[in-house]
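**Student:** Take this structure, written in structure tokens, and hold onto it; I'll ask about it next.
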Amino acid sequence: MTSLSTMIDVKTEVSVCRACGHVQSPDLPDVQAFYDHDYRISLQSDDHDQLYAMEDDGPVFRTSHQAQLLMEMDVPEGAKLLDFGAAKAVTTRCFFEARPDVQPHVFDVSEDYRRHWDEWIERDAQATYALPDHWAGRFDLITSHFVLEHVADPVLVLKSMKNCLAPDGQLFFTVPDPVGNSGDLLVVDHLNHFVPSSLQHAVQAAGLSIVSSRSNLFQGAHVVIAQHSAEADVDPVQDQTEKVLTLLDEWRYMLDNLRVVLASPDTKISKIAIYGAGFYGALFSPLAEDRTVCFLDRNPHLLGSSMNGKPVLVPEACPDVDVVVAALNPARARDILPKNAKWLPKDAQVIYPEASKK
């Protein structure tokens, strides 16, 4: 299963390094072609975005949260900014609207996003496939939002970003946290799954120093700031190798258990709603076979669409079903979807991805 909730014909394999704790999956068969032509992130519509959280005053989207993190940084007046692996560059655009003094530049390994860039970025501030030589040492701030997990050689990519940093420039990047959101371990196009020790190892191998590394600023992600050399302000690094191995064992149990509960011919379950039309929904729905009647999601950009041929509905429109499957991060599923949610159909059972039989 890919991060775009699509299936590709390769095995899901995960290896754990007992030296630095890094977690790695095999390269895709043609990784360059995948990101050039197939990885069309948020291109379903011009305003498509991923839901980050539901607050009392409405949804918070991932790009707006990322822009807010940038707003909290000390970015100098008139800074030259490079969005590395920009996709539609929505985060940078949000930041630019609040800070019109910055000079935005964008880079990606695909031409698919040119139309979005051309709306507000000059062509000489755009690059695809290769970084221009004259961008060396140019940028006061380089951002890279959820990119390094996708690349075959993260140290090489970090070195290329370092080459573009001004002497006092800052590199700001985010990567998934496979401990905080263990489903990341199953994302086949996430070739790298970083833990704090392997993050530190990769950044140092690229010739940079971590200034700050936090896992509490973005749910299920590490937020890292690095420079050429600086005093570090990082949490103590703990060995998480055994934790990752435990999570992998838990996933084996969870998937096997869901398969038994949802697909057993002896079950009385005939109609199932999947709560979550993202990665977890795509991962869990095949286990329900043809019993799935709909997906439920609060992301307004998904409502009215379909997934696996089934409609995506707001939870309050859930039809009468026997079961609602919480297709969510197992660590947060019960908080996001409590068993007493008011919209749940009468007598509907909520099934959570459980890590054990307790």
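The values are calculated or read from the model by the stated rules, or taken from the named source; none is laboratory data. Since this is a predicted model, take the numbers as computed values, not measurements. Note: ideal-geometry Cβ built from the backbone for every residue, glycine included; neighbour counts use all protein chains shown. Surface accessibility is based on the protein's heavy atoms, side chains included, excluding ligands, DNA and RNA. Shrake-Rupley method; radii C 1.70, N 1.55, O 1.52, S 1.80 Å.
**Student:** Which residues, counting only those in the stretch 122-131, are under 26 Å from Leu156 (Cβ atoms) and not polar (S, T, N, Q)?
**Tutor:** Asp124, Ala125, Ala127, Tyr129, Ala130, Leu131
**Student:** Looking only at residues in the stretch 110-120 that are open to solvent by 20 Å² or more (accessible area, probe 1.4 Å) and part of a loop (DSSP other than H, G, I, E, B), which one is nearest to Leu141 (Cα to Cα)?
**Tutor:** Once the filter is applied, the top-ranked residue is Trp120.
**Student:** How many residues, within the stretch 121-140, are assigned to a loop (DSSP other than H, G, I, E, B) and of a type in the set (Lys, Arg)?
**Tutor:** 1
Yes/no matrix, rows are residues, columns are (1) open to solvent by 50 Å² or more (accessible area, probe 1.4 Å); (2) of a type in the set (Asp, Glu); (3) more than 15 Å from the chain's Cα centre (by Cα):
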{"residue": "Lys11", "(1), (2), (3)": "yes, no, yes"}
{"residue": "Pro26", "(1), (2), (3)": "yes, no, yes"}
{"residue": "Gln68", "(1), (2), (3)": "yes, no, yes"}
{"residue": "Phe84", "(1), (2), (3)": "no, no, yes"}
{"residue": "Asp108", "(1), (2), (3)": "no, yes, yes"}
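**Student:** To continue, here is another question. Could you list, in sequence order, the residues of the stretch 262-286 that are open to solvent by less than 50 Å² (accessible area, probe 1.4 Å), at pLDDT below 90 and not polar (S, T, N, Q)?
**Tutor:** The answer is Leu262, Ala263, Ile269.
**Student:** Given the residues Leu165, Leu158, Leu141, which is the only one that is closer than 23 Å to Gln24 by Cα and either buried (at least 17 other Cβ atoms within 10 Å of the Cβ) or of a type in the set (A, V, I, L, M, F, W, C) (or both)?
**Tutor:** Selected residue: Leu158, the only one of Leu165, Leu158, Leu141 that is closer than 23 Å to Gln24 by Cα and either buried (at least 17 other Cβ atoms within 10 Å of the Cβ) or of a type in the set (A, V, I, L, M, F, W, C) (or both).
**Student:** Could you please find all residues in the stretch 132-154 being touching a residue at least 40 places away in the same chain (Cβ under 8 Å) and farther than 14 Å from Val23 by Cα?
**Tutor:** Trp135, Arg138, Phe139, Asp140, Leu141, Ile142, Thr143, Ser144, His145, Phe146, Val147
**Student:** Look at Pro100 and say whether it is free of Cβ contacts under 8 Å to residues at least 40 places away in the same chain and surrounded by fewer than 11 Cβ atoms within 10 Å (Cβ to Cβ).
**Tutor:** Yes; evaluated as a whole, the condition is true for this residue.
**Student:** Ok, one more. Every residue in the stretch 82-97 that is touching a residue at least 60 places away in the same chain (Cβ under 8 Å) and of a type outside the set (Gly, Ala, Ser), please.
**Tutor:** Result: Leu82, Asp83, Phe84.
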